[in-house]
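The values are calculated or read from the model by the stated rules, or taken from the named source; none is laboratory data. Computed from a predicted model, the values in this text were never measured in an experiment. Methodologically, a virtual Cβ is constructed for each residue, glycine included, from the backbone with ideal geometry; neighbour enumeration extends over all protein chains shown. Note: accessible area is taken over every heavy atom of the protein model, side chains too, but ligands, DNA and RNA are not part of it. Shrake-Rupley method; radii C 1.70, N 1.55, O 1.52, S 1.80 Å.
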Amino acid sequence: MKKLLAALVGTMALATAPVALSAEATKELKMAYDADPVTLDIHEQLSGGILQLSHMSFDPLVRWTKDLGFEGRLAESWERVDDKTMRFKLREGVKFHSGNEFTTKDVKFTYDRLKESQDFKAIFQPFSGINVIDDYTFELVTSEPFPLLLNTATYIFPLDSQFYSGETADGKKKSAIVKHGNSFASDNLSGTGPFVVKSRQQGVRMEFERFSDYWDEESPGNVKKIVLTPIKENNTRVSALLSGGVDFIAPVPPTDLDRIKRDKNSELVTMSGTRIILFHMNQERVEAFKNPKVRQAVAYAINQEGIAAKIMKGFATPAAQMSPTGYQGHNESLKPRYDVKKAQQLMKEAGYEDGFTITMMAPNNRYVNDDKIAQAAAAMLARINIKVDLKTLPKAQYWPEYDNRSGDMMLIGWHADTEDSANFFEFLTFCPEAGSGAGQYNAGNYCNPEIDALVAKANVETDIEKRTAMLQEVEKRLYDDAAFVPLHWQDLAWASKKNVKIEPILNVMNFPFLGDLVIE
Amino acid sequence: MLAFLVQRISQAVLVMFVISVIAFAIQDGLGDPLQEMVGMSVSMEEREALREELGLNDSMVVQYLRFAGNALQGDLGNSYFYGKPTLEVIAEHLPATLELVIGASLIIMFLSVPIGVYAAIKPQAWLAKFFMGVSTVGISIPVFLTAIVLIQIYSIGITIEWFPEDTGWGRWLNGALTTEGGLPSYGRGDELTHLFGTWYSGFFSTDGIMHLVLPCVSLASIMLPLFIRLIRAEMMEVLQSDYIRYARAKGLSSVRINFLHALKNTMLPVITVGGVQVGVMVAYTILTETVFQWPGVGLMFLEAITRSDIPLIVAYLMVVGLIFVITNTLVDLVYGLVNPTVKLTGKKA
């Protein structure tokens, strides 16, 4: 049996050798993500997978650089006309996959479609209109002065208006955005991006080929063909890389970081991420949480550094606020404040020396080690006599519970779609208000109108320095008030074979710019 | 015969009905399908509108009646995730699972018969004892562990340096235990042959077969020990019977006795159990397919659960229920044909 298999392995090695060589000559990239894009319609859903696809088959007007600056892509230049208007000049001679010429009419079409999209319309809510000036010049207009105009422009990936206009054979509008079921746009794609979708078997594999008329001739990228296989199981994904089945994987589970580091043929890239993991303390459900001293006691009792080191195995950056480094609101002076003595003291001052019992809820398959983090937090709270009744749930069942605010303390991870601090506050700490959607995920029911007003003021402040000061003050006040318990920013990790140079194309948003990828 | 078939078909309808009711009843516990369909920052109103559009706000009874009405016309609804009719999605994924089951069955057939027969003829031989010992271990190791170990050894490869490299025997042992890996660890490969409809086969190319090896061996590892033990036990019983003793007394060669007369009667119950076990194997594919990212119905079902893709879950359960009913019916029919003393409908003749 063993000999037989050994012989089998031998012939296998012989059989694959020539294939491997030719693969290198044509620079084919085989990669495995944990999921493949749900749809080809990039306006159907706002998710990491869809944005990754957007960066492969489309180009944004501007894109984020590694250090969170902006780099023009389809927009060649931009200037502020006044407080509420930004004028963009488009790159000329850009072609869509269909062969159509790219002009401002496509930008207008895309803008209108974004305004229709259930997932994107919230982000584009500050915009009041678009003025087309000529084929290559247009203006974006906002109703109020809007400091995040460029942040938002990173979401404008122009669609081929001619391609997506008209009707299909069975009389449906090609431009329709359909959440479920088949629409023209969910199966067909024409963008300006570096890769054309060649074939797609949902959940199985997707093939891309480099667009022969791609406008960016200065791009160092030399990948001709990409095969994307979704591999959900962490272990299988890592095995696929180690066995040479794929060249590039993401995400890398924390438990396998060492295994990949040890492997001499693989390379690991990690980065501190921007997704904050935190606990809300529900003041509506627990009377004690109305007392800032109790909230502070909880904040002092939780050992962020311990969780990051022991449970996350160093694969996280301990946090004392929501804004990660690089965001305007990031306040250097705020540090994790683990101190059990102090926490006990605060509990005593608040009159809760004997503690109380609360319920805690956390997902168990949404964030890295989410259930273990919650268990650790529960154990830490026992030291200040808060008894925790913990329940962890799969994400599909957790979010309905979250919407109902079913637990006294609930765990959530949040990534700001706008890559801006204000987004954290709007969703997580604003006074909850059903109508406007403010505080939609504020499961603590924390409410401080003064802070909300300050954020609102920052949101119309176009002077970056002033805005930065405001947002940092917000972080400071939330920290002092212990509005929530921040835990850490989850790190990101990718791994590839040594000859695949992934480092330069990766960024903290987790949109690898595969068009610029170099394989040696 | 006709009465039997009518009875079976009505049973099948009942089974389908019960499965669909159960699947519908548990859907509330499976979570909110919307969570996978919209981004986090989508407002409550937008969600509510979408929920209304999908008919998720209707009462369970209304939803079930709507589903049942469509199902009677052969429409089991659209998958939320794939955006296609669920039966179409299942038809696309079923061939991969069937090939996995066929491959594993072949391994089981070609290994269990000789080993089982050998262990029955020579129960005291150390090799027979070794096989029985290994099969006990095999039966108690979960399939995903087998799979992970196989991937590590034959796909990634292991380097063993336990023994002193400067002695001849040490080097030999190290070399003998070190593997190079190289077998594919995931998926079905690139070279699939189109047979018909949605069936793309991996059996007709080296690459396809290479991809089948590890998943099939893993899947076979759960059933193989069972069959070895079954064949051994049956064979030992048959070997005790009078006609075998008579054949021996008559002076027939032992090869003829063992493989012609004894084996034939041994295989009868094995075939029956085998037929039923194929159904069980379809269930075990869920684990195997997850570890090997094998794009079959098992993996599809597991992902449908994490996404709360309820129409797909219901359709899968119904299709698998149907497969069970069909295989059981076939097994009963075959059994009835082989052994005329069995009465299909259980009535007096």
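A few points about this structure:
- Residues of type aspartates and glutamates that A:K89 reaches as a straight line, Cα spacing below 14 Å, ignoring anything fewer than 8 places off in the same chain: A:E71, A:E76, A:E79, A:D106, A:D134, A:D135, A:E139
- The dipole here belongs to chain B: it is taken about the Cα centre, uses +1 on the Cβ of Lys and Arg and -1 on the Cβ of Asp and Glu, and is about 2540 debye.
- For segment B:163-176, the Karplus equation 6.51 cos²θ - 1.76 cosθ + 1.60, evaluated at θ = phi - 60°, returns couplings of 9, x, 6, 8, 9, x, 5, x, 5, 5, 5, 4, x, 5 Hz by residue, with Gly and Pro reported as x.
- Among the protein heavy atoms of chain A, carbon and sulfur supply 49% of the accessible surface, probe 1.4 Å, non-protein parts ignored.
- Contour excess over end-to-end distance, with Cα ends at B:M1 and B:E48 and 0.36 nm allotted per residue: 11.5 nm
- Evaluating 6.51 cos²θ - 1.76 cosθ + 1.60 at θ = phi - 60° for every residue in segment A:129-137, the Karplus couplings come out as x, 10, 10, 8, 9, 8, 4, 10, 10 Hz, glycine and proline recorded as x.
- Residues within the reach of a label modelled at A:E79 (point 7 angstrom out along Cα to beta-carbon, backbone nitrogen below 15 Å), restricted to segment A:127-145, are A:137-140.
- Per-atom-type breakdown for segment B:130-172 gives carbon and sulfur 73% of the accessible area (1.4 Å probe, protein chains only).
- The distance from the alpha carbon centre of segment B:86-100 to that of segment A:177-245 is 23 Å, rounded to a whole number.
- Dipole of the protein assembly as shown [Lys/Arg +1, Asp/Glu -1 at C-beta], most positive-end residue of B:L54, A:A153, A:W414: B:L54
- With a cut-off of 19 Å on the backbone N, the residues of segment B:127-151 near the modelled label site 7 Å out from B:L177 along Cα-Cβ are B:149-151.
- Segment A:135-206 - charge dipole about Cα centre, Lys and Arg +1 at Cβ, Asp and Glu -1, debye rounded to 20: 480
- Entry note, chain A: relative contact order of 19 percent, from Cα contacts under 8 Å with a spacing of 6+ residues.
- By the helix-only formula, in which each DSSP H run with n ≥ 4 contributes -39500 (n - 2.57) and the sum is divided by residues, chain A has a 222 nm mean residue ellipticity of -8500 deg cm²/dmol.
- Using the 1.4 Å probe convention, the accessible area of segment A:235-310 works out to 37 Å² per residue with neighbouring protein chains retained.
- Residue with peak Gaussian network fluctuation, chain B [Cα springs, cutoff 10 Å], from B:L214, B:L177, B:L322: B:L177
- Amide H partners (placed H, <5 Å) of A:A438, local residues excluded: A:E433
- Under a 5 Å amide H cut-off, with hydrogens placed 1.01 Å from N, A:S128 pairs with A:V141, A:T142, A:S143 among residues at least 5 apart or on other chains.
- Only helical runs count toward this figure. For chain B, summing -39,500 (n - 2.57) over DSSP H runs of n ≥ 4 and dividing by all residues gives -22500 deg cm²/dmol at 222 nm.
- Residue pairs exceeding 26 angstrom between C-alpha atoms, taken from A:K121/A:K466; A:K115/A:K225; A:K95/A:K174: A:K121/A:K466; A:K115/A:K225.
- FRET efficiency, 1/(1 + (r/R0)^6) with R0 35 Å, evaluated for B:T306 and A:N131 via beta carbons: 0.20
- Area buried, chain A against chain B - accessible surface, total, 1.4 angstrom probe, square angstrom: 4400
- Note on A:K342: lysines with a C-alpha under 16 Å away, same-chain residues under 8 apart excluded, are A:K293.
- Separation of alpha-carbon centers, segment B:1-76 and segment A:54-86, rounded to whole Å: 45
- The magnitude of the dipole of segment B:19-74, with charges of +1 and -1 set on the Cβ of Lys/Arg and Asp/Glu and taken from the Cα centre, is near 260 debye.
- Prolate/oblate/rounded label for chain B (Cα gyration tensor, a/c 1.5): oblate
- When the Gaussian network model of chain B links Cα atoms closer than 10 Å, the mean-square fluctuations of B:A176, B:A247, B:A68 top out at B:A176.
- Interface residues, segment A:194-238 - accessible area loss of 50 Å² or more versus chain alone, probe 1.4 Å: A:Q202, A:K232, A:T236
- The Cys residues in the protein assembly as shown with no partner Cys Cβ within less than 4.7 Å of their Cβ are B:C216.
- Charged neighbours of B:N174, selected by a Cβ distance under 9 Å, balance to -1 (K, R count +1; D, E count -1).
- Heavy-atom accessible area for B:H261, with the other protein chains in place and a 1.4 Å probe, reaches approximately 60 Å².
- Annotation: amide H-H contacts under 5 Å for A:A316 (H modelled 1.01 Å from N, sequence separation of 5 or more, or interchain): A:D491.
- The phi torsions of segment A:388-394, fed into the Karplus equation with coefficients 6.51, -1.76 and 1.60 and a -60° offset, translate into couplings of 10, 9, 9, 9, 10, 9, x Hz, rounded to whole numbers, with Gly and Pro shown as x.
- Choice from B:L100, B:L72, B:L34 showing the highest fluctuation, given a GNM over chain B with Cα pairs closer than 10 Å: B:L72
- Listed residue (A:L114, A:A350, A:S57) projecting farthest to the positive dipole end of chain A, Cβ model: A:A350
- Most positive-pole-ward Cα, A:G306, B:N78, B:M281, against dipole of the protein assembly as shown from beta carbon charges: B:M281
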